[in-house]
Amino acid sequence: MKHALAYLLACGVLLQGCYRILPSNGGGQLSGSPQERNIDPTDVLVPEGYHVEAVASGLTFPTAVTFDENGTPYVIEAGYSYGEVFLQPRLLRIGADGQTTEVYAGAENGPWNGVTYHDGFFYIAEGGQLEGGKILRVSQAGEVQVLVEGLPSYGDHHTNGPLVQEGYVYFGQGTATNSGVVGTDNADFGWLLRHPDFHDIPCADITLDDINYTTPNVLTDDPNDRAVTGPYSPYNTAVSPRQVIKGEVPCTGAVLRVALTGGEPEVVAWGFRNPYVLATAPDGAIYVTQNAYDDRGSRPVWGTGDVLFRLEAGKWYGWPDYNGQLPLTVTHVPGEGKPLGPLVANPPGDPPAPVATFGVHSSSNGLDFSTNPAFGFRGQAFVAQFGDMAPKVGKVLAPVGYKVVRVDVETGRVEDFVVNKGKKDGPASWLESGGLERPNSVQFTPSGDALYIVDFGIMTMSKAGPTPREKTGVVWKVSKE
């Protein structure tokens, strides 16, 4: 037994060493820089008995699709992309011929991260990079009402969702940072220079451990200047032992809701990192996808996969000290062996267990449930995986994501449903094919007989960050033959 344990430890050290020296090979790390998009449904693999087709193309940063009472599809263009690209977000009607018609155009305050249709109106989550997050209510005539504004959405993650249920709009509000501490990585994202006082906000009072982080001060020109920053605090603001951070609403890292008629937002649950999409299962339960930690910033976290949660009102889901039920005190950066101490000295509770876990850096975003037995897999969740953003978020040895998976929420089993053909997973530009690039959203038609996939388009990656390509987005449709 001792020999076996020694062998396993030796193998672990060897693999860790290999991992450390091997280069990153993410799906966006291309030697070239494709400007145009080839679209060929025959390059996409779907299960036997299903058919895939492209129903709209030439879109710029599309993120979600919804349907009116007649089954007409509508798609939103985000208006913002990582890489600091600011454009005007738009709500577009997709015609039977694939042509789009603008219904409403918003301000340059994206990204628009989600849309849903209910009782004659579109509800849009406006990410809020410049003015703060908002929930918009848009009529079919293009008239807009702001249901809630001023959401804390200037940071890494934004206002997400939304979902209408029982007279409320539920939506996710992402965190400002990767793991609780503002750092130089947030200057790389762009927002720290715009909003130097912005930081994460807890939904209830928390007590901090005595942990501060020192970095070069990116807000001064002195190369020798240093910033000392504590969690849940503005950049270059240290915390003291057992300091109490007061909770506020609205807060970051939470699922919130607001009445369909507008008003003040309420906290449903918190302790999320980036709760990206909410969806209702056939039994009425709400589920939410969460993007897990990155290996970057003052408090890098290695090896945490994205998760799917069943939403329980009033619960704390563990961020910034857990991923699912796994405490970050058992996580470390390969080769450095630095365990991560907890930031919160008085955890608000035990985090609920996730329903399923996805690949590390898969960016498992969009979510919907099959409800029609004729389509198949009734009651199972379908999740769109945008794909890794290596090397900026951390190293991967091969592309992760770039597909649509389905999840048996009773067992947690995850299986591929729509992938690109090829010996490896990866975006079409990496495979040099005409298939999927970056699936960001999935949505079933009102009858449940077809699944629409919103494909963000080409985004290449380098150490400097992402480079998204305009007019390369596609909406795909999967149906039974």
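Do the alpha carbons of any pairs in 403/423; 246/315; 403/480; 392/421; 134/403 sit beyond 24 Å of each other, and which pairs? The pairs that break the limit, which is 24 Å between Cα atoms, are 392/421; 134/403.
Computed from the Cβ-Cβ distance with R0 of 41 Å, the FRET efficiency linking residue 24 to residue 226 stands at 0.90. Using alpha carbon centroids, what distance separates the stretch 107-150 and the stretch 212-231, in Å? The stretch 107-150 and the stretch 212-231 have Cα centres separated by 36 Å.
If you take all other residues with their beta carbon under 15 Å from the beta carbon of residue 250, and give Lys and Arg +1 and Asp and Glu -1, the sum is -4. Less than 5 angstrom separates the built amide H of residue 160 from those of 172, 173, 174, all sequence-distant by 5 or more or on a different chain. Of the residues 293, 159, 397, the one whose Cα sits farthest toward the positive end of the charge dipole of the chain, with +1 on the Cβ of Lys and Arg and -1 on the Cβ of Asp and Glu, is 397. Within the shell defined by Cβ-Cβ distances under 12 Å, the residues around residue 407 carry a net charge of -3, with Lys and Arg each +1 and Asp and Glu each -1.
Taking the Cβ-Cβ separation of residue 194 and residue 145 as r and a Förster radius of 22 Å, what is the calculated FRET efficiency to the nearest 0.05?
Efficiency computed from Cβ-Cβ geometry: 0.20.
Which entry in (1) 20.4, 61; (2) 21.6, 73; (3) 27.5, 91 matches Rg and Dmax of the Cα atoms in Å derived from the coordinates of this structure? Given (1) 20.4, 61; (2) 21.6, 73; (3) 27.5, 91, the calculated one carries the label (2). Positive contributions from Lys and Arg (+1) and negative ones from Asp and Glu (-1), summed over other residues with Cβ under 15 Å from the Cβ of residue 57, come out at -4.
With R₀ set to 35 Å, the beta-carbon distance separating residue 238 from residue 261 gives a calculated FRET efficiency near 0.20.
The phi torsions of the stretch 311-317, fed into the Karplus equation with coefficients 6.51, -1.76 and 1.60 and a -60° offset, translate into couplings of 6, 10, 4, x, 8, 10, 9 Hz, rounded to whole numbers, with Gly and Pro shown as x. Compared with the direct C-alpha span, the chain from residue 40 to residue 345 gains 104.5 nm at full extension, assuming 0.36 nm per residue. The stretch between residue 310 and residue 246, if pulled fully straight at 0.36 nm per residue, gains 20.3 nm over its current Cα-Cα span. A simple spin-label model places the labels of residue 84 and residue 397 3.5 nm from each other, with each point 7 Å out along Cα-to-Cβ. Modelled this way, with points 7 Å down the Cα-to-C-beta line, the labels at residue 33 and residue 432 are 2.1 nm from one another.
Given the C-alpha centroids of the stretch 428-458 and the stretch 169-186, what is the distance between them in whole angstrom? A separation of 26 Å, based on Cα centres. Using θ = phi - 60° in the Karplus curve 6.51 cos²θ - 1.76 cosθ + 1.60, the 3J(HN,Hα) couplings for the stretch 430-438 round to 6, 8, 6, 10, x, x, 5, 9, 9 Hz; x is entered for Gly and Pro. Near the amide H of residue 201, within less than 5 Å, lie the amide hydrogens of 176, 252, all on another chain or at least 5 residues away, with H placed in the peptide plane. Amide H contacts of residue 64: 76, each under 5 Å away and 5 or more positions distant or on a separate chain (H built 1.01 Å from N in the peptide plane; Pro and chain starts excluded). Each helix, a run of at least 4 DSSP H residues, gives -39500 (n - 2.57); summed and divided by the residues of the chain, these come to -2000 deg cm²/dmol at 222 nm. Full extension of the segment from residue 410 to residue 101, taken as 0.36 nm per residue of separation minus the current Cα-Cα distance, would add 107.2 nm.
Here the Karplus curve 6.51 cos²θ - 1.76 cosθ + 1.60, taken at θ = phi - 60°, turns the phi angles of the stretch 254-268 into couplings of 8, 9, 10, 8, 9, 4, 4, 8, x, x, 7, x, 10, 7, 9 Hz, with x standing for Gly and Pro. The radius of gyration of the Cα set in the stretch 96-158, together with its Dmax, comes out at 12.5, 40 angstrom. Computed about its Cα centre, the charge dipole of the chain is approximately 1100 debye, with only Lys, Arg, Asp and Glu carrying charge at their Cβ.
The numbers here are math on the coordinates, done by the rules we state, and not lab data. Source: prediction; values computed, not measured. FYI the Cβ positions are ideal-geometry reconstructions off the backbone, even for glycines, and counts take in every protein chain you see.
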